[in-house]
1. Considering the range 47-66 alone, what residues qualify as being without any contact (Cβ under 8 Å) to a residue 12 or more places away in the chain and part of a loop (DSSP other than H, G, I, E, B)?
2. Of all the residues that make up the range 44-57, how many are loosely packed, with under 12 Cβ neighbours inside 10 Å and touching a Leu at 6+ places or on another chain (Cβ under 8 Å)?
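A short reminder: the numbers here are calculations on the coordinates, not readings from a lab. Predicted model, so just to flag it, every value in this text is computed and none were measured. Reconstructed Cβ throughout: ideal geometry from the backbone, glycine too, with neighbour counts over all protein chains shown.
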Amino acid sequence: MADPVKGELACSYVVRSSGSNLIETQLDTYARSRLSAIKRPRQIHFVAKLPVSSSGKVMRRRLSHT
């Protein structure tokens, strides 16, 4: 995620399991208990699926345009 001051900030893209009722605050609480402030995602996006290439790698540049 672009940031005018720091250049880029961490954000996360999450694919929920079927039947999951996971919410953003639960993920934020989990991240706060395990990561330093600089490593925590500033935004959490829920997506249906991650874009992957034919070799199975996540296409991170496509995520930034989602």
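1. SER53, SER54, SER55, GLY56, LYS57, MET59, HIS65
2. Here the count works out to 0.
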